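Shown next, in structure tokens, is the structure this report addresses.
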Amino acid sequence: MIRRIVYTSQPRADLPAQEIARIAGVSRARNERDGISGVLIYTGMDFAQLIEGEGERVQALWQRIRADPRHVDIVPLLDEPDARPWFPEWRMGYLVDAEFSRRLADWRAQGRWTGPEARQEVRLRFTAADSL
């Protein structure tokens, strides 16, 4: 059984663009080491991330993410167990899409996803970003 967490956040206003590339590189190495997979999306205005893996390792990563001062307004949207990961290999998507930024704002306002339609939408959105 794995644990999957999806959240959205906003970068600090003074976060340099090159720091986002550094975050992606460090995250790839650490997640490979820890057996964590998922997708990170940066829209130019927001971060959205899906992480999944063994429960204790995902919990440790989630604690580090929540303590990271490089982003604010962290809103968890999904936290669930599953038999298999959606993204068995770590990938970093980079997506600049105004519509997705608006959708993230809607999700943030809702606080959590409910129902199978919302769960399917998040999976499709992250799959599309992962293919970039």
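Highest GNM mean-square fluctuation among PHE47, PHE87, PHE100, for the chain modelled with Cα contacts below 10 Å: PHE100.
Each label was represented as a point 7 Å from its Cα along the Cα-to-Cβ direction; for GLN18 and ALA83 these points are 4.8 nm apart. Calculated mean residue ellipticity at 222 nm for the chain: -15000 deg cm²/dmol, from DSSP H runs with n ≥ 4 weighted as -39500 (n - 2.57), summed, divided by the residue count and rounded to 500. Take the alpha carbon gyration tensor of segment 2-130, find the square roots of its eigenvalues, order them as a ≥ b ≥ c, and report rounded if a/c is under 1.5; if not, report prolate when a/b exceeds b/c, else oblate. It comes out rounded by the Cα gyration axes.
Every read-out reported here was derived from the displayed coordinates using simple, explicitly stated rules and does not represent laboratory data. On a predicted model such as this, the values are computed, not experimentally measured, just so you know. We place every Cβ from the backbone using ideal geometry, glycine too, and count neighbours over all the protein chains shown.
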